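Here's the structure, in structure tokens; my notes come after.
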Amino acid sequence: MEIRTARDEDWSQIYPFYARTVDEGRTYTLPEGLGMEEARPLWMEGPPWRTVVAVDGDRVVGTAKMGPSLPGRGAGIAGASFMVDPTHRGSGVGRALGEHVIEWCREAGFRGIRFNAVVEANEAAVRLWKSLGFEVIGTVPEAFDHVDLGPVGLHVMYRRL
Ligand SMILES: CC(C)(COP(=O)(O)OP(=O)(O)OC[C@H]1O[C@@H](n2cnc3c(N)ncnc32)[C@H](O)[C@@H]1OP(=O)(O)O)[C@@H](O)C(=O)NCCC(=O)NCCS
């Protein structure tokens, strides 16, 4: 598996699992039900953000995006988002993307990485981020309307670089 900067043409492979992940209603606050062209700018952002793909041969199996979490004087802390194709989860793609993002953000000079909205019931993500050195620095109660559980908390998670 290789992780490289995303190209425009990768979106046709990302979009199906992006849409499936968002529409599942368990992990993201992104708007549901968007078509391929409507959703594209929400994930394939331009500079200063960067989108990458994890590829197995020609197949895109996961993706991440990273960049300044806030503009102006808040730009010293990075933010990032991750998605792995459901048919490839549990085989190390998410961990490899997480490690890649940490290294890229360190080399780009960010002082830390903040995840603004990690669903507290998202056990896979919370365990993965903790194992990569992130800690929960607060939880906004009942901030995410989970499709199965109803309102659950959103963690703010942080890792110093
Ligand atoms: C969260 C996500 C990115 C993890 O990617 P992944 O490729 O499945 O994860 P990996 O196989 O690299 O597993 C890494 C760790 O995650 C945790 N994990 C993965 N799947 C898990 C599961 N089903 N239950 C509990 N923990 C799990 C484990 O701690 C695992 O550690 P290990 O490497 O010691 O086994 C992926 O599940 C995903 O895309 N989920 C939907 C979108 C999402 O939640 N994005 C993150 C929002 S903050």
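The values are calculated or read from the model by the stated rules, or taken from the named source; none is laboratory data. All values reported here derive from a predicted model rather than from experimental measurement. Every residue, glycine as well, gets a Cβ built from its backbone with ideal geometry; the counts of neighbours run over all protein chains shown. Heavy atoms of the whole protein, side chains included, go into the accessibility calculation; ligands, DNA and RNA do not. Shrake-Rupley method; radii C 1.70, N 1.55, O 1.52, S 1.80 Å.
So the values come out like this:
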| item | result |
| --- | --- |
| Computed [θ] at 222 nm, helices only, for the chain once each DSSP H run of length n ≥ 4 contributes -39500 (n - 2.57) | -9000 deg cm²/dmol |
| Dimensionless Rg ratio for the chain, taking C-alpha atoms and the 2.2 N^0.38 Å reference | 0.99 |
| Rounded to 5, the percent of DSSP beta bridges in region 10-161 classed as antiparallel | 95 |
| Of all accessible heavy-atom area on region 1-122, the percent that carbon and sulfur account for (1.4 Å) | 49 |
| Prolate/oblate/rounded call for region 72-154, Cα gyration tensor, a/c under 1.5 rounded | oblate |
| In sequence order, calculated HN-Hα J values of region 59-69 (Karplus, 6.51, -1.76, 1.60; Hz; x Gly/Pro) | 8, 7, 10, x, 8, 8, 9, 8, x, x, 6 |
| Dipole of region 17-141 [Lys/Arg +1, Asp/Glu -1 at C-beta], most positive-end residue of A124, W104, H88 | W104 |
| Nearest-10 value in Å² for the accessible area of S91, using the 1.4 Å probe | 80 |
| Three-way shape label, region 1-75, alpha-carbon gyration tensor, a/c 1.5 | oblate |
| Choice from A124, A39, A96 with maximal GNM fluctuation in the chain (Cα, 10 Å cutoff) | A124 |
| ³J(HN,Hα) computed for each position of region 22-35 - Karplus, 6.51 cos²θ - 1.76 cosθ + 1.60, integer Hz, glycine/proline x | 5, 6, 5, x, 10, 9, 10, 8, 5, x, 8, x, 7, x |
| Residues with amide H under 5 Å from that of V61, placed H, sequence gap 5 or more | A54, V55, D56 |
| Formal net charge of residues neighbouring G79 (Cβ-Cβ distance under 14 Å; K, R +1; D, E -1) | +4 |
| Chain lengthening between A143 and E9 when straightened (0.36 nm per residue, less Cα-Cα) | 44.8 nm |
| Amide N of region 131-147 lying under 19 Å from the label point, which is placed 7 angstrom from the Cα of N116 along Cα→Cβ | 135-146 |
| Per residue accessible area in Å² of the chain, where ligands, DNA and RNA are left out and the probe is 1.4 Å | 52 |
| Accessible area, probe 1.4 Å, largest first, for residues R89, R159 | R89, R159 |
| Cα centroid separation, region 133-161 to region 46-122 (Å) | 17 |
| Residue list for region 135-155, given a label point 7 angstrom along the Cα-to-Cβ vector of E38 and an amide N cut-off under 20 Å | 145, 147 |
